[in-house]
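Novice: Before I ask anything, let me first share the structure, which is written out below as structure tokens.
The values are calculated or read from the model by the stated rules, or taken from the named source; none is laboratory data. Since the structure is predicted, the reported quantities are computational estimates derived from the model, not experimental observations. Positions of Cβ are backbone-derived with ideal geometry, glycine not excepted, and every protein chain shown enters the neighbour counts.
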């Protein structure tokens with residue numbers, strides 16, 4: 001594969017045991033991966049990454065992402081522990097998660113998610129300046145902390161913070177304060193040129209930053225198989241699942257998939273998974289994800305050249321059989337190996 005991107009894998013925990021996740025992580029590092037990530041689905045974002053850190057000693061390791069439903073004090077100590085155990089190869093990736101998850105699972109209702117994320121990041125960074133002899137306060141609209149002090153001295157330098165972003169407000173916030181941005185897993189080249197880059201630049205201009213101050217990473221659903229049709233079938237579930245989230249309107253509507261997304265959402269309201277999958281069109285597969293034979297998958301990245309630095313590959317989920325998930329992880333690593 002031509003050296004156009006640094007590449008890595010995001011492990012969701014879907015249909016893999018933790019031991020299997022660690023084994024594929026080790027295989028990916030041996031194949032030349034630059035970064036490995038774990039997300040807050042099925043498992044928490046930190047423990048699986050610590051298990052990977054015990055076996056992988058070269059790659060960068062990041063949460064992709066931990067959500068801001070977790071109290072910031074817990075996030076800062078978890079992140080500092082990961083930075084220490086990885087010899088400062090850790091990236092703290094943060095995201096909001098869908099509003100309905102926060103409301104239904106965490107009793108957290110937020111009307112200005114970008115504002116809360118700004119405070120969340122500011123509070124964590126300020127907590128990293130505290131010490132046993134020096135407490136800090138933070139008084140925000142959403143985050144309030146009084147007399148916080150680290151019980152132990154900082155064991156290493158604070159890790160970089162990357163933000164997951166889809167919509168304009170979070171993109172601008174990323175440009176203004178983050179060390180990196182992680183674009184979510186349904187996207188198109190036009191989304192990068194028309195929405196991502198202009199809004200990152202707006203954010204940078206507010207704080208006097210330059211493009212070199214932020215790493216642009218992109219998640220991409222990747223379904224790869226010698227059998228082209230099997231690969232494309234595997235790509236249907238994530239398109240159906242994530243088309244239900246309103247913040248992907250930023251991607252789906254400009255790409256011409258408004259009608260399709262509304263039909264998928266209606267099927268979701270009926271809890272009709274089979275119908276949802278049937279409503280995913282060939283055009284959606286061609287446009288939104290990487291799906292096909294190894295050669296096809298690599299060629300599908302050509303239109304994205306120059307639009308981001310780091311490619312983070314994501315095995316399709318949900319509704320994938322365990323063996324299919326294993327086969328796909330192995331195929332991803334073989335396809336992108338140096």
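Novice: When both residues are 6+ apart or on different chains and their Cβ atoms are under 7 Å apart, which pairs have a first residue that lies in the stretch 106-122 and is farther than 15 Å from residue 75 by Cα, and a second that is exposed (fewer than 15 other Cβ atoms within 10 Å of the Cβ)?
Specialist: As it stands, the answer is 109/103; 115/141, since those pairs meet every condition given.
Novice: Of the residues that sit in the stretch 12-35 and are within 13 Å of residue 315 (Cβ to Cβ) and without any contact (Cβ under 8 Å) to a residue 40 or more places away in the chain, which one is surrounded by the fewest Cβ atoms within 10 Å (Cβ to Cβ)?
Specialist: 13
Novice: Okay, moving on. Consider residue 233 against the criteria (1) under 23 Å from residue 309 (Cβ atoms); (2) crowded, with 17+ Cβ neighbours inside 10 Å; (3) out of contact with any helix residue (DSSP H, G or I) (no Cβ under 8 Å at 6 or more places or on another chain): it satisfies all of them except one. Which criterion is unmet?
Specialist: Failing condition for residue 233: (1).
Novice: In the stretch 55-76, which residues are in contact (Cβ under 8 Å) with a residue 24 or more places away in the chain and assigned to a helix (DSSP H, G or I)?
Specialist: Once the filter is applied, which keeps residues that are in contact (Cβ under 8 Å) with a residue 24 or more places away in the chain and assigned to a helix (DSSP H, G or I), the stretch 55-76 yields 72, 73, 75, 76.
Novice: Applying the selection to the stretch 13-48, what residues are in contact with a strand residue (DSSP E or B) (Cβ under 7 Å, 6 or more places away or on another chain) and part of a loop (DSSP other than H, G, I, E, B)?
Specialist: Scanning the stretch 13-48 gives 33, 34, 39, 40, 45, 46.
Novice: Moving to a separate point now. Working carefully through the options 175, 208, find the one that is free of Cβ contacts under 8 Å to residues at least 60 places away in the same chain, over 27 Å from residue 285 (Cα atoms) and out of contact with any helix residue (DSSP H, G or I) (no Cβ under 9 Å at 6 or more places or on another chain).
Specialist: 208
Novice: Just one of (1) at pLDDT 95 or above; (2) crowded, with 16+ Cβ neighbours inside 10 Å; (3) on the phi > 0 side of the Ramachandran plot trips up residue 176, so point out which.
Specialist: (3)
Novice: Which of the strands (runs of 3 or more DSSP E) contained wholly in the stretch 213-325 include at least 3 residues that are within 23 Å of the chain's Cα centre (by Cα) and under 20 Å from residue 193 (Cβ atoms)?
Specialist: Hits in the stretch 213-325: 215-224, 310-314.
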